[in-house]
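Everything below concerns the one structure shown next.
Computed from the coordinates by the stated procedures, all read-outs in this text should not be read as laboratory data. Owing to the predicted nature of the structure, the values given are computational and were not obtained by experimental measurement. Neighbour counts run over all protein chains shown; Cβ positions are idealised from the backbone, glycine included.
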Amino acid sequence: MISLIAFNNVSKHYQMGDTLVKAADDISMEINPGEFVAIVGRSGSGKSTCMNIIGCLDVPTSGEYILKGENVGALNKNELAEIRNKMLGFIFQQYNLLPKLTVLENVEVPLMYAGLSKADRRKKAIEALDMVQLSDKLTNMPNQLSGGQQQRVSIARALAGDPAIILADEPTGALDSKTSRDVLGLLQELHKDGHTIVLITHDNSIAVTAERIIRLEDGYVIYDGPADAPEAMVISHHVLEGGAQS
Ligand SMILES: Nc1ncnc2c1ncn2[C@@H]1O[C@H](COP(=O)(O)OP(=O)(O)OP(=O)(O)O)[C@@H](O)[C@H]1O
Ligand SMILES: [Mg+2]
């Protein structure tokens, strides 16, 4: 099987005065179509750095990011935007819905950028909202919905263009525990339907809902394997060795 996402020795470095910050440090990994992967790690471990690279919002300082066979590092800004529209559906902690558009219009926006006709946009948006059980809220404004419902709108928006990858960055960060479970359940359903999902979180109890965990620490991968293996929950080598711990 050809991998959907491949990081080959990906690094992202920032020169801050005299210090070199290694936000991503020689990361190699592959994600196959249909996988549900959680990228987990503490604050500052490099999650957003990886998410920005996977989401074609940023490019590595060195190493290669191959997305469905295409070397993303070689693309210019316009090409990055195009591949982003075609290949990726984003879900963020803060939903990022447009307040002056209805639920239906919000879901149609990325389909417009993808160049679909008005009729096709409407059809796909209605289908996606049906999938997240919001068919009865099409003409509501975002502020008329609960947080969980707003997040479901943003999931519908991510889904509507049928992207190769759904990229969710702390999608339950603003939700209570019951609503969080609903949203995570929805991601699991999408996974069962064959979608590829990359979930970014600092929270182990959320990461375990994925089938595979990639754990980052200080910009590098300290674990990559099944989510249900005991090693998946080993938080830090420093802690195990009894060494200095920040
Ligand atoms: N633009 C930048 N310039 C300098 N350093 C940066 C930049 N972006 C990130 N870093 C550094 O890279 C490291 C990883 O940052 P990143 O944002 O990827 O962490 P994170 O795992 O997403 O953390 P959080 O859970 O707090 O969001 C941090 O030490 C951060 O300070
Ligand atoms: Mg972050």
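Tabulated results
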{"quantity": "Inter-label distance, nm, simple model (7 Å from Cα along the C-beta direction), LEU98/ASP176", "calculated": "3.2"}
{"quantity": "Calculated from backbone phi, Karplus (6.51, -1.76, 1.60) coupling profile of region 59-69 in Hz, x at Gly/Pro", "calculated": "10, x, 6, 8, x, 10, 10, 9, 10, 6, x"}
{"quantity": "The chain, helix-only ellipticity at 222 nm - DSSP H runs n ≥ 4, -39,500 (n - 2.57), divided by all residues, nearest 500", "calculated": "-10000 deg cm²/dmol"}
{"quantity": "Normalised contact order of region 105-241, rounded percent, pairs of Cα under 8 Å and 6 or more residues apart", "calculated": "17"}
{"quantity": "Residue-count net charge about TYR65 - beta-carbon cut-off 12 Å; Lys, Arg +1, Asp, Glu -1", "calculated": "-2"}
{"quantity": "Full-extension gain in nm, TYR14 to LYS123, via 0.36 nm per residue minus C-alpha separation", "calculated": "34.8 nm"}
{"quantity": "Cα centroid of region 165-236 to Cα centroid of region 35-74, whole Å", "calculated": "16"}
{"quantity": "Sequence-separation-based contact order of the chain, relative, with Cα cut under 8 Å and 6+ spacing, percent", "calculated": "26"}
{"quantity": "26 Å Cα-Cα threshold exceeded, pairs from LYS12/LYS100; LYS22/LYS86; LYS124/LYS192", "calculated": "LYS12/LYS100; LYS22/LYS86"}
{"quantity": "Centre separation in Å (Cα based) which lies between region 80-114 and region 1-24", "calculated": "27"}
{"quantity": "Residues whose placed amide H lies under 5 Å from that of ASP25, excluding near-sequence neighbours", "calculated": "LYS12, TYR220"}
{"quantity": "³J(HN,Hα) computed for each position of region 142-153 - Karplus, 6.51 cos²θ - 1.76 cosθ + 1.60, integer Hz, glycine/proline x", "calculated": "x, 6, 8, 10, 6, x, x, 5, 4, 5, 5, 4"}
